[in-house]
Amino acid sequence: MYADIREPVAEIKDRLEKFMDQHVYPNEETHKLELANAENRFGSMALMEDLKLKARAEGLWNLFVPKSFGGLSNFDYAPLAEIMGRVFWSPEVFNCNAPDTGNMEVFMKYGNEEQRQQWLKPLLDGEIRSAFVMTEPDVASSDATNIRTTILRDGDDYVINGRKWFITNALYERTKIFIVMGKSSPDNPNRHLQQSQILVPKETKGIKIKRALTTLGYDEAPIGHAEVLFEDVRVPVENMLLGEGRGFEIAQGRLGPGRIHHCMRLIGAAQRSLEFACKRVNLRSTFGKKLSEHQSVREEIAKSFAEIEQARQLTLLTAKKMDEEGAKNAKDLIAASKITVPLMAQNVIDRCMQVHGAGGLTQDYFMAEAFNYARWCRQADGPDQVHMMALGKEIIKRYSD
């Protein structure tokens with residue numbers, strides 16, 4: 001599956017797999033119970049904090065950090081992200097969870113020294129969490145130029161007004177900083193220069209977290225997703241990232257790696273589902289023979305294996321092109337991966353749920369939550385249709401010129 005994995009990465013992969021075997025898989029039920037009994041589902045979890053200490057002590061920390069900042073290449077990170085994706089909540093154990101990884105990259109690429117000291121350092125240390133605040137309920141946010149939230153200069157401050165939703169991490173009590181995207185120059189004739197991104201501490205006056213949102217019934221606590229209202233929220237001008245009108249540029253720089261990281265994790269979720277299914281079909285019998293002996297079951301297993309492997313190789317090819325040519329020049333493969341991998345994972349996990357019978361739909365297995373993750377990833381970081389539209393346009397131009 002990973003024939004080209006480098007020796008140093010193979011060693012990290014081995015340690016990560018052992019950590020998952022020793023500390024993560026055995027605690028899946030403990031995680032559920034702690035959440036179920038928590039007074040605040042969006043509060044800090046004792047189990048998570050304990051696992052973070054263990055992961056950091058074993059050098060399994062901030063594995064997402066890009067090569068340009070002293071970390072791993074996208075290609076090297078892929079097998080590690082896949083392993084983390086086998087348990088939905090495990091990336092946070094290693095300080096590699098979205099949206100914090102994307103936000104940390106924003107600070108690395110676009111933050112000034114003061115912003116990095118104030119926010120990047122505690123994020124890298126796992127002391128705080130963050131949210132990326134872009135999507136809005138009142139407009140089609142798949143076209144980011146539609147956003148209505150305003151970020152308008154008033155003396156030495158910017159004043160922010162707007163309504164956002166599906167804001168991951170907003171509910172988490174450890175979250176301290178929002179990166180907010182809105183319009184600072186709504187009348188600019190260039191629609192891609194109307195937006196800016198600005199840093200807004202979560203406790204700033206005028207921020208109201210209206211409600212927790214669920215996806216297919218999952219609240220995904222303690223991280224969660226929320227609807228957030230900004231009413232005359234004031235922050236100093238120095239909180240602006242990079243400069244007015246640079247918001248779209250920052251978003252594109254942030255979302256490329258984020259999209260491929262989701263794909264890497266979803267491959268892990270699909271792979272684990274397939275492994276569960278292969279064990280299940282040897283333990284159940286119908287009509288006088290094991291499920292594993294039925295032709296239809298074998299076909300579904302074979303199809304799932306092929307689809308996972310195809311998606312894995314596409315993701316690796318994408319990561320390699322990003323490493324060699326940059327995310328901008330790899331946008332065709334990033335789009336192809338984003339179109340292909342979440343849908344693949346959704347379909348594979350669905351088949352694997354099916355062979356588990358009614359149990360596959362319950363909390364007794366990890367697959368229902370993994371299916372939910374795959375499904376919302378088809379909306380997050382741009383819906384399928386936007387990526388297909390953009391990729392189709394590029395491919396037509398490529399071969400018709």
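Remarks
- Count of segment 192-221 residues, restricted to those that are touching a strand residue (DSSP E or B) at 6+ places or on another chain (Cβ under 7 Å) and either assigned to a helix (DSSP H, G or I) or hydrophobic (A, V, I, L, M, F, W, C) (or both), is 7.
- Of everything in segment 243-267 that is surrounded by fewer than 24 Cβ atoms within 10 Å (Cβ to Cβ) and hydrophobic (A, V, I, L, M, F, W, C), the residue that is nearest to LYS331 (Cα to Cα) is LEU255.
- Residue match in segment 342-349 (condition: surrounded by fewer than 21 Cβ atoms within 10 Å (Cβ to Cβ) and closer than 20 Å to ARG254 by Cα): no
- Criterion (in contact with a Cys (Cβ under 8 Å, 6 or more places away or on another chain) and of a type in the set (A, V, I, L, M)) met by exactly one of ILE301, ILE260, ILE250, ILE267: ILE301
- In segment 34-52, the residues that are exposed (fewer than 12 other Cβ atoms within 10 Å of the Cβ) and not in a loop (DSSP other than H, G, I, E, B): ALA36, ALA46
- Matching residues, segment 292-308, being more than 17 Å from GLN271 (Cα to Cα) and either surrounded by 19 or more Cβ atoms within 10 Å (Cβ to Cβ) or among the small types (Gly, Ala, Ser) (or both): SER292, SER296
- LYS202 passes every criterion in (1) within 19 Å of LEU123 (Cβ to Cβ); (2) free of Cβ contacts under 8 Å to residues at least 24 places away in the same chain; (3) of a type outside the set (A, V, I, L, M) apart from (2).
- Apart from one condition, THR362 fits all of (1) farther than 15 Å from GLY217 by Cβ; (2) surrounded by fewer than 16 Cβ atoms within 10 Å (Cβ to Cβ); the exception is (1).
- Residues of segment 1-38 satisfying the condition of being under 23 Å from ILE267 (Cβ atoms) and hydrophobic (A, V, I, L, M, F, W, C): MET1, ALA3, ILE5, VAL9, ALA10, ILE12, LEU16, PHE19, MET20, VAL24
- Matching residues, segment 348-362, being in contact with an Asp or Glu (Cβ under 8 Å, 6 or more places away or on another chain) and either closer than 15 Å to ARG86 by Cα or modelled with pLDDT under 95 (or both): VAL348
- Screening the candidates PRO99, PRO91 for the property of being in contact with a strand residue (DSSP E or B) (Cβ under 9 Å, 6 or more places away or on another chain) and either surrounded by 20 or more Cβ atoms within 10 Å (Cβ to Cβ) or without any contact (Cβ under 8 Å) to a residue 24 or more places away in the chain (or both) yields one hit, PRO99.
- Meets criteria (under 19 Å from the mean Cα position of the chain (by Cα), in a helix (DSSP H, G or I) and either surrounded by 15 or more Cβ atoms within 10 Å (Cβ to Cβ) or assigned by TED's automatic domain parsing to the domain that holds GLY85 (or both)) for GLU369: yes
- Some residue of segment 216-228 being farther than 30 Å from GLU39 by Cβ and surrounded by 19 or more Cβ atoms within 10 Å (Cβ to Cβ): no
- Single match in ALA98, ALA78 (criterion: assigned to a loop (DSSP other than H, G, I, E, B), at pLDDT 95 or above and of a type outside the set (Ser, Thr, Tyr)): ALA98
The values are calculated or read from the model by the stated rules, or taken from the named source; none is laboratory data. Every value quoted in this text rests on a predicted model; they were computed, and no experiment measured them. In this analysis, Cβ positions are derived from the backbone assuming ideal geometry, glycine residues included, and neighbour counts consider all displayed protein chains.
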